[in-house]
Amino acid sequence: MGNSLICRTNKDAKDNGSKSKRMGRSQRKMLAEEEFLHKQALSMALHQHQLSQRFDGSMSRRIGSTSSRRHADPLANEKKLLESLEKIKFKKIVLLHGEGFGAWCWYKTIAQLEEVGLQPTALDLTGSGIDLTDTNTVTTLAEYSKPLIKYLENLPVDEKVILVGHSSGGACLSYALEHFPEKISKAIFLCATMVSNGQRPFDVFAEELGSAERFMKESQFLIYGNGKDKPPTGFMFEKQLMKGLYFNQSPTKDVALAMVSMRSTSLGPIMEKLSLTPEKYGTGRRFYVQTLEDRALSPDVQEKLVRENPPERVFKIKGSDHCPFFSKPQSLHKILIEIVQIP
């Protein structure tokens, strides 16, 4: 198409030359203006194309690096990353979902981590995802975390894993750090309930949901699995409320997937106070990833969590709602890879 455009332009130039003697001054001026506008349009189109190539994906490239990659060879960068990750001793990453979710929510993250040679595993916690346990029968954090406990117990003696916990799944990370500190290389709290000793996971959400006592008495989202005359056993938000709380920045297709996949949440595990000791939990390497457009766990609450219970490092994802594995998958997986590489 470029050659035909050049030929056409040359032909036009010759035609214009042969007719110029017959044209009046006003016609020549009109043609000159038309040619000038044509060149200006071509110049603007070329400039726009250069800008789009220069800034495409710039937000995700900024995560974890302050150096400019404008002129970097993407193949060389990928090769360098693969070589770096090949030297990493602990490559297993266990992904733990939050309340109502299941292993299914990590489908993008799993594919991205596998592409660079890491070994992700997403678990369904008890009563979640495709685990058939009735959520109304799950009353303790130990029972809720049983799939994770079993996984850690079966690890070879000389192996460690990196744990990633989303939302209330952060309580499972804390529980694991207290009971299996020797099995965990790093713990990554993803907009999660990184509680302190003596706190309940629910306490983290108190700003949005009110006190635990008030929630247990007044919430319209409670489930009474043992009858109305007995204490509530679980809860599940109405779909429109879930969309506003969890998915305010997520793609429509992922929201649709969540709407048909999410299940009720057991109340007992998130109402349980955790006992965390400096000798075990305190020796773990913790990292926190904040989501800055989060309506379920606001940025202010997340900031308070890291201030009161400081992790080793804090990362932030701009433009992400409570589900960065949907709304900002590229940024999330780059952060996870960066944390994996921290000595």
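Give the residues of segment 311-343 that are part of a helix (DSSP H, G or I) and either polar (S, T, N, Q) or under 8 Å from the mean Cα position of the chain (by Cα) (or both), sorted by residue number.
Within segment 311-343, P324, F325, F326, S327, P329, Q330, S331, L332, H333, Q341 meet the criteria.
Go through segment 122-174 and count every residue that is open to solvent by 40 Å² or more (accessible area, probe 1.4 Å) and of a type outside the set (V, I, T).
Residues flagged as open to solvent by 40 Å² or more (accessible area, probe 1.4 Å) and of a type outside the set (V, I, T) within segment 122-174 amount to 13.
Inside segment 90-121, can you point out the residues that are open to solvent by 10 Å² or more (accessible area, probe 1.4 Å), of a type in the set (V, I, T) and not in a strand (DSSP E or B)?
Within segment 90-121, I110, V116 meet the criteria.
Taking V306, is it β-branched (V, I, T) and touching a residue at least 40 places away in the same chain (Cβ under 8 Å)?
yes
Could you tell me whether G165 is in a strand (DSSP E or B) and under 19 Å from the mean Cα position of the chain (by Cα)?
Criteria met by G165.
The values are calculated or read from the model by the stated rules, or taken from the named source; none is laboratory data. Note that this is a predicted model, so its numbers are computed, not measured. Don't worry about glycine lacking a Cβ; one is built from the backbone with ideal geometry, like all the others, and counts go over all protein chains shown. Only protein heavy atoms, including side chains, enter the accessible area calculation; ligands, DNA and RNA are left aside. Shrake-Rupley method; radii C 1.70, N 1.55, O 1.52, S 1.80 Å.
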